[in-house]
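To start, the structure itself, in structure tokens.
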Amino acid sequence: MQKTKKMIKMLTNMAMMAALSTVIGIFCKSVLDFGGVYRITFENLPIILTGIVLGPIAGGTVGLCSDLISYLLTGQAYPLNPIVTLGAVMIGVVSGIVAKYIVRKKGKTQIILSALFAHIIGSMIIKPIGLYQFYGMLVLWRIPLYLVIAPIEILILCLLLKSKAFSKTVGYLEDRNEL
């Protein structure tokens with residue numbers, strides 16, 4: 001019975017994070033889009049949070065679901081790009097791997113390194129490879145853009161997970177001394 005409750009809570013949290021990422025993505029694609037390549041977005045924040053809190057499989061699943069649903073609901077100009085979707089999946093997987101296997105001690109260091117590596121691999125390497133066919137060398141602008149977006153997301157994650165109420169709700173019980 002306890003295992004079933006735990007699984008239901010995990011699936012519920014994953015669904016909430018996928019929905020949150022989708023809503024943020026749709027909002028940003030509608031309001032903060034400056035020609036497709038120059039888009040300010042924070043849709044990766046819930047994906048990274050899921051990876052850190054629930055692990056790499058859950059993070060990757062949330063990345064996959066949110067990317068596909070966001071694509072279907074926004075009516076993108078280009079066809080579904082599996083490489084871009086792989087980038088979203090890897091953001092969740094990498095953040096989860098770093099948090100679960102590399103920096104196990106919960107706190108700022110874990111959050112910073114998890115989000116940083118997730119953005120480097122998913123947002124700055126994999127997604128630009130997928131977008132290159134549509135935008136050419138313009139995708140290189142994603143790198144300086146994410147050098148600004150990543151620290152903002154890291155700060156938001158640190159602030160959210162520092163909150164005892166939020167940490168307890170999502171299941172991240174951090175070491176209060178480090179945060």
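The values are calculated or read from the model by the stated rules, or taken from the named source; none is laboratory data. As the structure is a prediction and not an experimental result, all values here were calculated from the model. Neighbour counts are summed over all protein chains in view; Cβ atoms, including those assigned to glycine, are modelled from backbone coordinates with ideal geometry.
Using the structure shown, decide if residue 61 is closer than 18 Å to residue 39 by Cα and either assigned to a helix (DSSP H, G or I) or aromatic (Phe, Trp, Tyr) (or both). Break it down into steps so the answer makes sense when it comes.
Details: closer than 18 Å to residue 39 by Cα: no; either assigned to a helix (DSSP H, G or I) or aromatic (Phe, Trp, Tyr) (or both): yes.
No, not satisfied.
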Restricted to segment 82-129, and to residues that are on the phi < 0 side of the Ramachandran plot and outside any helix (DSSP H, G or I), which residue is surrounded by the most Cβ atoms within 10 Å (Cβ to Cβ)?
106
Return yes when residue 157 is of a type in the set (A, V, I, L, M), surrounded by 17 or more Cβ atoms within 10 Å (Cβ to Cβ) and without any contact (Cβ under 8 Å) to a residue 40 or more places away in the chain and no when it is not.
no
Among the residues of segment 145-152, is any within 11 Å of the chain's Cα centre (by Cα), under 21 Å from residue 15 (Cβ atoms) and assigned to a helix (DSSP H, G or I)?
no
The number of residues in segment 130-143 that are within 18 Å of the chain's Cα centre (by Cα) and surrounded by fewer than 20 Cβ atoms within 10 Å (Cβ to Cβ) is 2
Residue 87: passes all of (1) modelled with pLDDT under 90; (2) touching a helix residue (DSSP H, G or I) at 6+ places or on another chain (Cβ under 8 Å) but (1)
Of those in segment 2-58 that are at negative phi and assigned to a loop (DSSP other than H, G, I, E, B), the residue modelled with the lowest pLDDT is 37
